[in-house]
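See below for the structure under consideration.
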Amino acid sequence: EPEVTQTPSHQVTQMGQEVILRCVPISNHLYFYWYRQILGQKVEFLVSFYNNEISEKSEIFDDQFSVERPDGSNFTLKIRSTKLEDSAMYFCASTVRGYNEQFFGPGTRLTVL
Amino acid sequence: KNEVEQSPQNLTAQEGEFITINCSYSVGISALHWLQQHPGGGIVSLFMLSSGKKKHGRLIATINIQEKHSSLHITASHPRDSAVYICAEYKAAGNKLTFGGGTRVLVKP
């Protein structure tokens with residue numbers, strides 16, 4: 001069964017460093033999302049992406065964040081200069097159409113020291 | 001203000017018991033999702049519904065559009081049902097899911 005994959009599973013970085021989190025959505029899906037979950041808190045929406053552009057972003061998704069679909073299969077989230085408060089689990093999700101069931105990747109745990 | 005509210009926050013049941021989790025959501029949604037988050041952190045979609053009722057195995061999800069309320073029921077609960085259950089509203093206008101805080105369910109043998 002097709003699944004969303006994410007790499008790495010765990011990333012440890014120093015404050016101020018750039019990180020790139022990678023996702024491979026399900027191949028025929030058209031809508032892509034990044035969410036994050038700080039330990040012990042609820043899942044929060046970061047950004048949605050459709051037709052090679054951002055369709056919606058939250059207030060969390062500031063200028064330090066960017067997304068890209070560089071090659072038609074990968075979907076990446078870049079954090080330019082990480083802060084301690086960026087430590088969280090980051091989930092990628094994809095779906096065929098926006099209102100359909102979303103399929104989540106296993107997540108990347110980001111730890112900023 | 002969180003637009004998606006779940007109750008209870010925590011629930012402990014004995015194996016075999018019937019479990020109900022409630023969710024209240026805001027106006028103007030396109031669909032309501034129920035998700036399961038395992039202790040390891042992975043998130044699995046259980047249901048997506050915009051009206052009526054859906055059933056999958058021992059899980060049943062219902063939605064009342066007029067009252068902006070949805071319920072997730074687990075019949076004949078089993079220890080493997082222990083997880084966090086999350087409801088999330090989808091609004092097409094924003095193309096995003098807004099999540100509730102989750103209900104932590106523990107089913108004891």
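Label separation (B:E15 vs A:L39): 3.2 nm, computed from points 7 Å beyond Cα along the C-beta direction.
Among A:R80, B:R104, A:R36, which comes first, second and so on when ranked by fewest other beta-carbon atoms within 10 Å? Intermediate values should be presented prior to the final figure.
Details: A:R80 13, B:R104 16, A:R36 23.
Neighbour counts put them in this order, fewest first: A:R80, B:R104, A:R36.
Across chain A, the mean sequence separation of Cα contacts (distance under 8 Å, 6 or more residues apart), normalised by length, yields a relative contact order of 39 percent.
In this label model, B:A92 and A:L30 are separated by 1.3 nm, measuring between points 7 Å along each Cα→Cβ vector.
What is chain B by shape, rounded, prolate or oblate, if you read a ≥ b ≥ c off the alpha carbon gyration tensor as root eigenvalues and call it rounded for a/c under 1.5, prolate for a/b larger than b/c, and oblate otherwise? Prolate. Here the residues B:L97, A:L113, B:L11, ranked from fewest to most Cβ neighbours within 10 Å of their Cβ, fall in the order A:L113, B:L11, B:L97.
With only Lys, Arg, Asp and Glu charged, each at its Cβ (+1 for the first two, -1 for the last two), find how big the charge dipole of chain B is about the Cα centre; round to the nearest 20 debye.
Values: 11 positive and 7 negative charges, 39 e Å.
Value, rounded to 20: 180 debye.
Just check the protein assembly as shown against the gyration tensor rule for me: Cα atoms, a ≥ b ≥ c as the square roots of the eigenvalues, rounded for a/c under 1.5, and otherwise prolate or oblate depending on whether a/b exceeds b/c. Working shown, then result.
On the way: a/c = 1.87, a/b = 1.50, b/c = 1.25.
It is prolate, given that a/c is not under 1.5 and a/b is the larger ratio.
Fewest neighbouring Cβ atoms within 10 Å first, the residues B:I86, B:I74 line up as B:I74, B:I86. Where Lys and Arg each count +1 and Asp and Glu each count -1, what net charge lies around A:F75 among other residues with Cβ under 12 Å from its Cβ? Overall, the nearby charge balance is +1.
Taking square-rooted eigenvalues a ≥ b ≥ c of the alpha carbon gyration tensor, is region A:12-52 rounded, prolate or oblate, where a/c under 1.5 means rounded and, failing that, a/b exceeding b/c means prolate? Since a/c reaches 1.5 but b/c is at least a/b, the shape of region A:12-52 is classed as oblate. Placing a label point 7 Å from the Cα of A:V96 along the Cα-to-Cβ line, the residues of region A:1-44 whose backbone N sits under 17 Å from it are A:1-4, A:25-32. Simple spin-label estimate for B:E67 and A:L84 gives 4.5 nm between the two label positions (7 Å along the Cα-to-Cβ direction from each Cα). Applying the Karplus relation 6.51 cos²θ - 1.76 cosθ + 1.60 with θ = phi - 60° to region A:84-101 yields 3J(HN,Hα) values of 4, 6, 7, 4, 5, 8, 10, 10, 9, 9, 9, 7, 5, 10, x, 8, 8, 3 Hz, where x marks Gly and Pro.
For B:G16, neighbours were defined as the other residues whose beta-carbon sits under 15 Å from its Cβ, and their charges (Lys and Arg +1, Asp and Glu -1) total 0. Backbone phi angles across region B:48-56, fed through the Karplus curve with coefficients 6.51, -1.76 and 1.60 (θ = phi - 60°), yield HN-Hα couplings of 10, 9, 10, 6, x, 8, 10, 9, 9 Hz in residue order; Gly and Pro are listed as x.
Less than 14 Å Cβ to Cβ from B:K108, Lys/Arg counted +1 and Asp/Glu -1: what total charge do the surrounding residues give?
Details: positive: B:R80, B:R104; negative: B:E15, B:E17, B:D81.
For residues surrounding B:K108, the net value is -1.
Residues within the reach of a label modelled at B:K108 (point 7 angstrom out along Cα to beta-carbon, backbone nitrogen below 11 Å), restricted to region B:1-36, are B:12-15.
Read-outs throughout are calculated quantities, based only on the coordinates presented, and are distinct from any laboratory measurement. Source: prediction; values computed, not measured. Heads up, the Cβs are rebuilt from the backbone with ideal geometry, glycines too, and the neighbour counts pull from every protein chain shown.
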